[in-house]
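Single-structure report; data block below.
The values are calculated or read from the model by the stated rules, or taken from the named source; none is laboratory data. Computed from a prediction, not measured in an experiment: that's the story for all the values here. Glycine also receives a Cβ, built like all others from the backbone with ideal geometry; neighbour counts cover every protein chain displayed.
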Amino acid sequence: MKRGSKLLTAALLAQLISPPAAGFALLPEPPAHGFVMNLDVSAAPFQSIGYGLTSWRALAELALARWNAAGIGSGPDFNFFGTTNTVVAGNACARDGVNEVTWAASNCGFSYGSAIAITNRWIVNGARAEEDVLFNSNVAYNAYQGPLARAASGSETMNDFFRVAVHEFGHAAGLDHPDQAGQTVTAIMNSTVSDIDALQADDVAGARAIVWSQASATTTTTIATTTTTSQMAPGQIAMQSYFPLRPGYEWTYQDSTSVRPYKRVIGQTPVSINGIPTWVWSDSGGVARYMTNDADGIGRHASGSQSVVPGFGNATVSTIYAPPDMYVPAKVTLGGSADLSGTIVENVSDGSSKSNSYTQTNRFGAERVTVPAGTYTTVRATNVRVMNGVTSTNTIWFADGVGIVKLKYEESTGYTQTYSLSAINFTPAPAGAALNLQAGWNLAGNSSTGTLDVAATFGDAGNVLTVWKWIPGSAKWALYTPSLTAQALANYAGSKGYDVLTGVDAGEGFWINSKAGFTAQLPPGSAVTAAAFQGVASGWHLIAIGDNKTPRELSTALAPTTLWAWDAGQARWYFHAPSLDANGTLSNYIATKGYLDFGAKLLDPVTGFWVNVP
Amino acid sequence: MKKTLIALLLLLMIQLPVQAQAATFADKNLAQLVVEAEQVFIGTVVSAQSRKLPNGAIVTDFRFSDVQLIKGDTAGTDIVLLALGGEVDGLRLEIPGLPQFQRDSRYLVFSSGNGKDIFPVVGGPAGMFQIAAGASGGNPIVLTSSGMPLGTAIAAEIAGEVASPALGAVQPPVTLESFLAAIKSRLGR
């Protein structure tokens, strides 16, 4: 009863908090399918005001990635948008099956008036079948963050292509202008371009409200495209979750030069190289690479040979790289580049050493690629290295939570080799899945095997009021608030009978009371599956799963008496009870109580939910 | 004093250029609507006929009858405005942000670029106003393109006052009579 009363208190507290005013505006017709956009805008690099060396196409890719990261529909679908592998000449003035994105001096012969970009929506049988986006080529465009700038002439606005693209792709996803629907909200989807240069909480809430079922998506994975956090500069992507170095992780590739599959495996324990713990990343060809993925980026510290089963035997280190050979920086800007030129001092195991200087330029982009293992939205890193008179080009496609899904090596000598991912032995991590929080109470979950560092993730007092986690073993709450010092928090929590909350562990849910909408990120790790909760102790548990089950599917593993999830936007509970579901009275019960019916809604990797286990 | 305030407003608009985004239009104040419109008229939409152009685009002809012309010329008794979008043979073209004329509704329209612009109304929704019957059969009132009370800025402009956000939605409705008087004042009549 004590547990029940505390839960009731929490529930009442959550319900008493007024949700933010209903926001966003949806276009009436649902999408017929996810949209693969034909980015018929130049890929030629130019020096932008605010995004460094970039291209219109890279910026458009980034804008699409932002919506994918937010997720479309209640699923949500993190791969709603894709891009064509090859750009074709589409016709925005007719329904030609091509979702054209291009510059144009007019819209089908008509003047834009004062519009700077337009989305033409083609609707067939009540569903949106095609979305064509036109950017007005008569007005000045560049790319930058922050307040709107003037063009060089001083009298006109210098339009920021990125924020306009985000806005137009929001239309393509299914959103209308909230301000024209009589709302007063902060949103990039408002009809007038402003200093807002990124998705806002209202935009994300709108994206999630679009009538779109992930189950009907044409993609095969649900991996977030970008790993944005509220602290990260616009346009940047943190690469850490794109190269998971976890014990026993195994990737199998098709090798363009061999009929045999090619495997890469992470060893079971770290190996120290020059005092730095590294992970042995060995392949079926007998080569071992000693890797780190940290604040400096993804780097190789040593190479060696391995004569036994890759990943499990002892490797012989033959070469140490000092400084390490960097694959990519920790953060990259799509459309941008990085100069990773340097010198590799190879300390060979026979005691000799040799030095090789090289020039290396890395360029980064976003690309949707299909390999035997599936279709992935990736960060593409192309590095061109000139060393010892040989120019080699490595193009690596990284997918969030998965790792390298494709790698192409080309030499100026004409030699080419391509690896394409065919299988992995782990469940792709939900890491990078955007945790989009709304102002007010949110019931969220950490379905990653990594621990979510609460202070690091929710330490911004401008965004966060409190974070709460239920401790089933002691039937008490753990509390964190960024507005108190560690000592003050400990004193306060102690006086109230709470624990101090420091981390949300794998598979745990938590409440967060937000001052404002913002986006956070789950920690790296693999997915906690529903099966992990089989045999859990009786009582109330606040949990999260990463394998996207419906409550009905979850019930086969967990068999709770009841299951509850909180809808922050509507400030209402989703409810499920297996016993009522079995006797056919669930829908009626939900209706009489005013709850929400899960239906086909999934318990996605960032949703926390209560289960009462008998 | 009134002229000074209007001048200040205009100066502010010059210093902070209004940004138009998407199928969206720059906001316009009454003075701009009057100056930029080629035609200003009141009319009732009696038909909306869509057709496909040779380039594949779909357009719609909106025919206005019972026209009261306030500015400009008209060749006949009716006025036809051409806008991008519409439906032909089950295929519909829509542009988010583009306002819609509703059949059988009566509008006050500030028109420009007919046959050339995607939507031939100055400022898009800013230049089209619904006309509704006043309370208890009183004077007709003017609403926004979506049927909402007029914003404080244009309402204040009509009333000759400086906009005050605190007024919000409780401001009295703007009558067609006062709106027309404000238009004619700016036309020098």
Notebook entry, point to check: Listed residues A:143, A:181, A:172, A:165; which is modelled with pLDDT of 90 or more and within 10 Å of chain B (Cβ to nearest Cβ)?
Noted result: A:172
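Quick check on the stretch A:102-116. Is at least one of its residues touching a Gly at 6+ places or on another chain (Cβ under 9 Å), more than 9 Å from chain B (Cβ to nearest Cβ) and either modelled with pLDDT of 90 or more or buried (at least 20 other Cβ atoms within 10 Å of the Cβ) (or both)?
Yes, there is a match, as at least one residue in the stretch A:102-116 is touching a Gly at 6+ places or on another chain (Cβ under 9 Å), more than 9 Å from chain B (Cβ to nearest Cβ) and either modelled with pLDDT of 90 or more or buried (at least 20 other Cβ atoms within 10 Å of the Cβ) (or both).
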Notebook entry, point to check: Using beta carbons and a limit of 7 Å, which pairs, at least six apart or on different chains, have the first residue in the stretch A:482-497 and over 15 Å from residue A:464 (Cβ atoms) and the second one of a type in the set (D, E, K, R)?
Noted result: A:493/A:499; A:497/A:476
Check: So which residues in the stretch A:83-101 are of a type in the set (A, V, I, L, M) and either within 13 Å of chain B (Cβ to nearest Cβ) or more than 32 Å from the chain's Cα centre (by Cα) (or both)?
Finding: A:92, A:94, A:98
Item checked: Number of the exception - residue A:426 against (1) closer than 26 Å to residue A:266 by Cβ; (2) in a strand (DSSP E or B) -> (2)
Note to self: Give all pairs with beta carbons closer than 8 Å in which a residue from the stretch A:589-607 that is farther than 21 Å from residue A:444 by Cβ meets a residue that is among the basic types (Lys, Arg); count only pairs at least 6 apart in sequence or on separate chains.
What the structure shows: A:594/A:572
Next item on the list: Give the stretch A:508-526 a look and list any residue that's touching a helix residue (DSSP H, G or I) at 6+ places or on another chain (Cβ under 6 Å) and within 26 Å of residue A:205 (Cβ to Cβ), or say none.
Entry: A:517, A:520
Next item on the list: Would you point out the residue of the stretch A:549-568, among those that are crowded, with 20+ Cβ neighbours inside 10 Å and either at pLDDT below 85 or over 21 Å from residue A:206 (Cα atoms) (or both), that is nearest to the chain's Cα centre (by Cα)?
Entry: A:568
Next item on the list: Could you tell me whether residue B:126 is within 11 Å of chain A (Cβ to nearest Cβ) and farther than 21 Å from residue A:133 by Cα?
Entry: yes
Notebook entry, point to check: Is it the case that residue A:449 is surrounded by 20 or more Cβ atoms within 10 Å (Cβ to Cβ), touching a residue at least 40 places away in the same chain (Cβ under 8 Å) and of a type outside the set (Gly, Ala, Ser)?
Noted result: yes
Notebook entry, point to check: Taking the stated definitions as given, is residue A:72 under 18 Å from residue A:167 (Cα atoms), at pLDDT 85 or above, touching a Phe, Trp or Tyr at 6+ places or on another chain (Cβ under 7 Å) and aliphatic (A, V, I, L, M)?
Noted result: yes
Checklist line | Which numbered condition residue A:90 fails, given (1) more than 12 Å from residue A:37 (Cα to Cα); (2) at pLDDT 85 or above; (3) buried (at least 20 other Cβ atoms within 10 Å of the Cβ) | finding: (1)
Note to self: Please go through the stretch A:425-448 and give me each residue that is over 20 Å from residue A:571 (Cα atoms) and modelled with pLDDT of 80 or more, ordered by number.
What the structure shows: A:425, A:426, A:446, A:447, A:448
Notebook entry, point to check: Can you name the strands (runs of 3 or more DSSP E) wholly within the stretch A:190-298 that have at least 2 residues being among the charged types (D, E, K, R) and modelled with pLDDT of 85 or more?
Noted result: A:250-255, A:262-266
